[in-house]
1. So which of Ser434, Ser394 ends up being polar (S, T, N, Q), more than 20 Å from Asn300 (Cα to Cα) and either crowded, with 18+ Cβ neighbours inside 10 Å or not assigned by TED's automatic domain parsing to the domain that holds Thr215 (or both)?
2. State yes or no: is Arg171 more than 15 Å from the ligand (Cβ to nearest atom), within 18 Å of the chain's Cα centre (by Cα) and charged (D, E, K, R)?
3. Which residue is farthest from the ligand (Cβ to nearest atom), if the candidates are limited to region 240-260 and must be closer than 18 Å to Glu100 by Cβ and in a loop (DSSP other than H, G, I, E, B)?
4. Does Gly177 satisfy the condition of being within 14 Å of the ligand (Cβ to nearest atom), surrounded by fewer than 23 Cβ atoms within 10 Å (Cβ to Cβ) and on the phi > 0 side of the Ramachandran plot?
5. Answer yes or no as to whether Leu278 is more than 18 Å from Val337 (Cβ to Cβ), in contact with a Cys (Cβ under 9 Å, 6 or more places away or on another chain) and free of Cβ contacts under 8 Å to residues at least 60 places away in the same chain.
6. Out of curiosity, is Ala237 among the small types (Gly, Ala, Ser), more than 16 Å from the ligand (Cβ to nearest atom) and free of Cβ contacts under 8 Å to residues at least 40 places away in the same chain?
7. For region 171-187, check the following and say yes or no: at least one residue is in contact with a helix residue (DSSP H, G or I) (Cβ under 9 Å, 6 or more places away or on another chain), assigned by TED's automatic domain parsing to the domain that holds Glu246 and under 30 Å from His250 (Cβ atoms).
Amino acid sequence: MKIPLDRNSAQAVYLQIRDRIRRLIESGALQPGDQLPSIRSLAESTRVNKLTVIEAYSVLEADGLVYARPGAGYFVSVPPIACPQSTSHFAPPQEVILSEQQGGSFFNVYMASLSAHQHTGMINLSGGFPEDSGLEDLQRIARRAMNQVGSTLFNYDLPQGQLTLRQQIARMLVQRGLEVTPENLIITNGSKQGLSLALHYYVQPGDWVIVESPTYHGVLDILSSLKARVIGIPMTAEGMNLELLEQYLHTHRPKLIYTISTLHNPTGVTTSQAHRSLLLRLAQRYHCLILEDNAYEGLNFEPVPPPIKALDQQDVVTYIGTFSKTLMPGIRVGYMVVTGEHYQPLVERKLLHDLHVSTVSQAIISEYLASGHYRRHLAHLQSKHQQSRNAMLSALERYFPAEVSWTVPNGGIFLWVQLPSNLSMPAFCQAALSHNVFITDGTYCFPNHQGYNAMRLNFSHKPEVIEQGISILGGLLKDYQS
Ligand code: PMP
């Protein structure tokens, strides 16, 4: 790459490099995905200091024109896709679902989604899989983790998890507004284990438990196996309907509220600070515990309020997080934040269950956090997901009938689509499958499958895949109407 520099110019050299590369991108001479010269080679060819090139690349990165892949170099970003609609028309029916007994469907839905994911040529718009986010550097980091920790890596370890990792997670949470110490943390096998440990500890058979309706169906199945009774409080575009919540706190005196306050699964809704404070106040007034699941933490592309746990002075809230959605689900590292008297019994339960999370997995996550790559990786994921979300919103606008509505999430990987009530969901899902698009009936996200017609769409795909999948679904929806 030729970068002519005017050393007598009043413009700083790094800005001249920036402008030249920007022009190459704008003219199309550099295409999205193209790799920029390495810092060393550009410094040599332009006869400038490496720091000057680093400065130029950092400004281009801050402008969103390029992005860094740790260990691989700098690449030209994909141009932003405009967001066609900024407000949601989502206004679903507000019906509370009371379920004294429910059957489980998690196993079947999980297995079907796994098999769709492994099927080449299938567009899986349903599953909770984050898009493969180019973690080339992870192999390098994994090797470094193995070397550094040496032989202690292969021994039994603390049930609550390695201290270094807990210290790093505590620091990360403090930056997100949640003041915790390593002594408040328990490392778990994904957040799913944290949810299961917490629910088995707090809930007894016959207890009433409040969930958002719709909610993460993995929790509905845990509650079903516990023989808990479930109250589904409807979601609005702002979060759980708090008026209805108060009514049912009063009449049913539930033991616990399960909430996904940030980038809710399946709707993508993030609640406001005011909603969080009110939810906590209500829980305290009715002596009800809160289980706050923040599985999509870090995937917001607009600022989000601190978790409900950050407001909790009375140890009412147990908080759950995970690296599944930001790094990789297969590594199975999640964590719980527990304060007060419940911490020790939960650590003991963790020990009873499986002693501790694999030390190898913990060391890899720990090394990733220590290397500083995680923050940069999140910034890259956020901008990539924002592009995909915009691509999906604009495809929905173009291909879906006018009476269909959907949420507009500020991050995460899902949006939620409310479908016409006269649609047969099994027939629609089957028709989509015959066109190689995998979707699942969203009613499995409601207690007892008792909700309105809907589907959860995962937008963490390439824009062209989204375009193809949504155009097929839109065509099918129009066929059903005619
Ligand atoms: N909570 C929510 C809301 C989820 O969506 C998921 C995964 N889909 C989990 C928990 C479990 O994730 P993991 O065990 O991989 O951390």
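The values are calculated or read from the model by the stated rules, or taken from the named source; none is laboratory data. This structure is a prediction, so every number in the text was calculated from the model and none was measured. So basically every Cβ, Gly included, is an ideal-geometry build from the backbone, and we count neighbours across all protein chains shown.
1. Testing whether each residue is polar (S, T, N, Q), more than 20 Å from Asn300 (Cα to Cα) and either crowded, with 18+ Cβ neighbours inside 10 Å or not assigned by TED's automatic domain parsing to the domain that holds Thr215 (or both) leaves just Ser434.
2. On the way: more than 15 Å from the ligand (Cβ to nearest atom): yes; within 18 Å of the chain's Cα centre (by Cα): no; charged (D, E, K, R): yes.
No.
3. Applying the filter and picking the extreme gives Arg253.
4. No, not satisfied.
5. No.
6. no
7. The answer is yes; a qualifying residue exists.
Here's the yes/no breakdown for (1) free of Cβ contacts under 8 Å to residues at least 40 places away in the same chain; (2) part of a helix (DSSP H, G or I):
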{"residue": "Thr270", "(1), (2)": "no, no"}
{"residue": "Ile320", "(1), (2)": "no, no"}
{"residue": "Gln344", "(1), (2)": "yes, yes"}
{"residue": "Ala363", "(1), (2)": "no, yes"}
